[in-house]
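Worksheet: the structure to be examined is printed underneath.
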Amino acid sequence: MFNKNTITRFQQIETPFYYYDTDVLRQTLSACRDASSKYGFHVHYAMKANFNPKVLDMIQSFGFGADCVSGNEVKAAVEHGFGKENIVFAGVGKSDREINLALDADIFCFNVESVQELQIINDLAKAKNKTANVAIRINPNVDAHTHHYITTGLEENKFGVNTWQLDDVVTTLRNCTNLQFLGIHFHIGSQITDMEVYKSLCIRINEIQDWFEDHNFKVKILNTGGGLGVDYYNPDTNTVGDFESYFKVFADFLKIKPGQEVHFELGRALVAQSASLISRVLYVKNGQKKNFLILDAGMTELIRPMLYQAYHQIENLTQDSGLKTQDSELKYDVVGPICESTDCFRKDVELPQSYRGDLIAIRTAGAYGEVMASGYNLRDRVGSIYSK
């Protein structure tokens, strides 16, 4: 990802910043589009992963739809050219203002997460003399085998309607004259790399769609959600995700009926590998038991390691590039400047002996990096640069 010319360019720029490799992004988007179109599948980009304007424009140019979880994401999707017929709106806590905004935008579908939400959308649509398309987000109680903070498909999670509530759902749908039922929606978690998990999801989807059709509700849309993981450990050798295997699981195990559409909501898998957080070493602290590299980037720029104990590969670009004479490797705790002990990217990282001013890259930061940045400690929000 980084050649000497790129690193020389970085040396002229104030750090920290997010660096986007647009070639990687294009390759990833192309691979996803090709693999999904083979089966006629529809892909919506999960905007919560990254809503950098240039990233959104590129994703829209590949023909993907938008999966939104806030009113402002709906607004951004419209502004960046995602057609209203390709915008879906999920989220367990949509406000009346957000629902009204989406109704005014005539979006394709609301992914509804409770019986009460069905009633609210119906009332707001009725006040506008409109009919809202809805899909019911159902909790399939499938374990995603991922970090407990990013699992969403178990009964203990706040998301979706539980299967024991489905009788109330169909009763409410029959009474809501300003709603049009389109289908069923699922999302079981994030950073899932075990394809057997998706096979289990398909089996539950098949059972639940049969239940709806037994109750005289035609299921036009099967929305399977997203969650496909990426390789944080090998960003250069596994840069593009295995979209072929991912979509094939659903093609093989979903019971797709004539006229049905299968929809997906991928975020991380499309953007994670396209960006790195670039930082500089401010100070090196050598101790008897620990060595610290103190960077000018911290949890305000990338909170995943602190929030999820997530792994990100860390590289010393200055030493690895040969721009300085490389000494022996040492182990460092790589930390940020924030006034919190949890502000640590990784502990005991083996790196070439490092010095003040060295450029450090924290890889695979394209998903849930820039979008989760904060101004804690009254820090400036950092900018982004692009390979092209």
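In a helix (DSSP H, G or I) and either under 21 Å from Gly189 (Cβ atoms) or in contact with a Cys (Cβ under 7 Å, 6 or more places away or on another chain) (or both), is that true of Tyr246? Spell out how you get there, then give the answer.
Numbers: in a helix (DSSP H, G or I): yes; either under 21 Å from Gly189 (Cβ atoms) or in contact with a Cys (Cβ under 7 Å, 6 or more places away or on another chain) (or both): yes.
Judged against the criteria, Tyr246 is a match.
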Whichever residue in region 115-144 is in a loop (DSSP other than H, G, I, E, B) and modelled with pLDDT of 95 or more and, among such residues, is nearest to the chain's Cα centre (by Cα):
Thr131
All-but-one check, Asp333 against (1) out of contact with any Cys (no Cβ under 9 Å at 6 or more places or on another chain); (2) assigned to a strand (DSSP E or B), failing number (1)
Limited to region 68-78, what total is found for residues that are more than 11 Å from Ala105 (Cα to Cα) and either of a type outside the set (Gly, Ala, Ser) or outside any helix (DSSP H, G or I) (or both)?
5
Is there any pair linking a residue in region 104-129 that is assigned by TED's automatic domain parsing to the domain that holds Pro140 and under 18 Å from Arg174 (Cα atoms) to one that is modelled with pLDDT of 95 or more and exposed (fewer than 13 other Cβ atoms within 10 Å of the Cβ), with Cβ under 8 Å and at least six apart or on different chains, and which?
Ile120/Asp96; Asn122/Thr177; Leu124/Asp96; Lys126/Thr177
Within region 8-33, restricting attention to residues that are closer than 24 Å to His263 by Cα and without any contact (Cβ under 8 Å) to a residue 40 or more places away in the chain, which residue is surrounded by the fewest Cβ atoms within 10 Å (Cβ to Cβ)?
Ser30
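Residue-by-condition table, conditions (1) in contact (Cβ under 8 Å) with a residue 24 or more places away in the chain; (2) within 30 Å of Phe181 (Cβ to Cβ); (3) touching a Pro at 6+ places or on another chain (Cβ under 8 Å):
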site	(1), (2), (3)
Gly259	yes, yes, no
Glu265	yes, yes, no
Val271	yes, no, no
Ser279	yes, no, yes
Val284	yes, no, no
Leu295	yes, no, yes
Right, Glu301: within 29 Å of the chain's Cα centre (by Cα), buried (at least 22 other Cβ atoms within 10 Å of the Cβ) and assigned to a loop (DSSP other than H, G, I, E, B) or not?
yes
For region 167-208, which positions are among the β-branched types (Val, Ile, Thr), modelled with pLDDT of 95 or more, out of contact with any strand residue (DSSP E or B) (no Cβ under 7 Å at 6 or more places or on another chain) and not in a helix (DSSP H, G or I)?
Thr177
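Listed here are the residues, each with its yes/no results for (1) in contact with a Lys or Arg (Cβ under 6 Å, 6 or more places away or on another chain); (2) on the phi < 0 side of the Ramachandran plot; (3) surrounded by 24 or more Cβ atoms within 10 Å (Cβ to Cβ).
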| position | (1), (2), (3) |
| --- | --- |
| Gln273 | no, yes, yes |
| Leu293 | no, yes, yes |
| Tyr311 | no, yes, no |
| Leu317 | no, yes, no |
| Asp348 | yes, no, no |
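Across region 252-298, what is the number of residues that are in a loop (DSSP other than H, G, I, E, B) and either within 19 Å of Gly369 (Cα to Cα) or in the same structural domain as Val88 (by TED's automatic domain parsing) (or both)?
At the first step, the residues of region 252-298 found to be in a loop (DSSP other than H, G, I, E, B) are 254-260, 267, 287-290, 296-298.
Imposing the further condition that a residue be either within 19 Å of Gly369 (Cα to Cα) or in the same structural domain as Val88 (by TED's automatic domain parsing) (or both) reduces the set to 254-260, 267, 296-298.
Going through region 252-298 one residue at a time, the tally reaches 11.
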Go through region 361-388 and give me each residue that's touching a helix residue (DSSP H, G or I) at 6+ places or on another chain (Cβ under 7 Å) and more than 20 Å from Met47 (Cα to Cα).
Ala361, Ser387, Lys388
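Can you tell which of Lys48, Lys75, Lys84, Lys94 is crowded, with 16+ Cβ neighbours inside 10 Å, closer than 24 Å to Leu179 by Cα and basic (Lys, Arg)?
On the way: Lys48 fails: closer than 24 Å to Leu179 by Cα; Lys75 fails: crowded, with 16+ Cβ neighbours inside 10 Å; Lys84 fails: crowded, with 16+ Cβ neighbours inside 10 Å.
Exactly one of Lys48, Lys75, Lys84, Lys94 is crowded, with 16+ Cβ neighbours inside 10 Å, closer than 24 Å to Leu179 by Cα and basic (Lys, Arg), namely Lys94.
Have a look at Tyr368, Tyr355 and point out the one that is assigned to a loop (DSSP other than H, G, I, E, B) and crowded, with 22+ Cβ neighbours inside 10 Å.
Exactly one of Tyr368, Tyr355 is assigned to a loop (DSSP other than H, G, I, E, B) and crowded, with 22+ Cβ neighbours inside 10 Å, namely Tyr368.
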What number goes with the only condition from (1) within 25 Å of Asp252 (Cα to Cα); (2) out of contact with any strand residue (DSSP E or B) (no Cβ under 6 Å at 6 or more places or on another chain) that Asp67 does not pass?
(2)
Give region 213-243 a look and list any residue that's loosely packed, with under 15 Cβ neighbours inside 10 Å and closer than 30 Å to Ile314 by Cβ, or say none.
Tyr233, Asn234, Asp236, Thr237, Asn238
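The values are calculated or read from the model by the stated rules, or taken from the named source; none is laboratory data. Keep in mind that what you see is a predicted model, and the values were worked out from it rather than measured. Every residue, glycine as well, gets a Cβ built from its backbone with ideal geometry; the counts of neighbours run over all protein chains shown.
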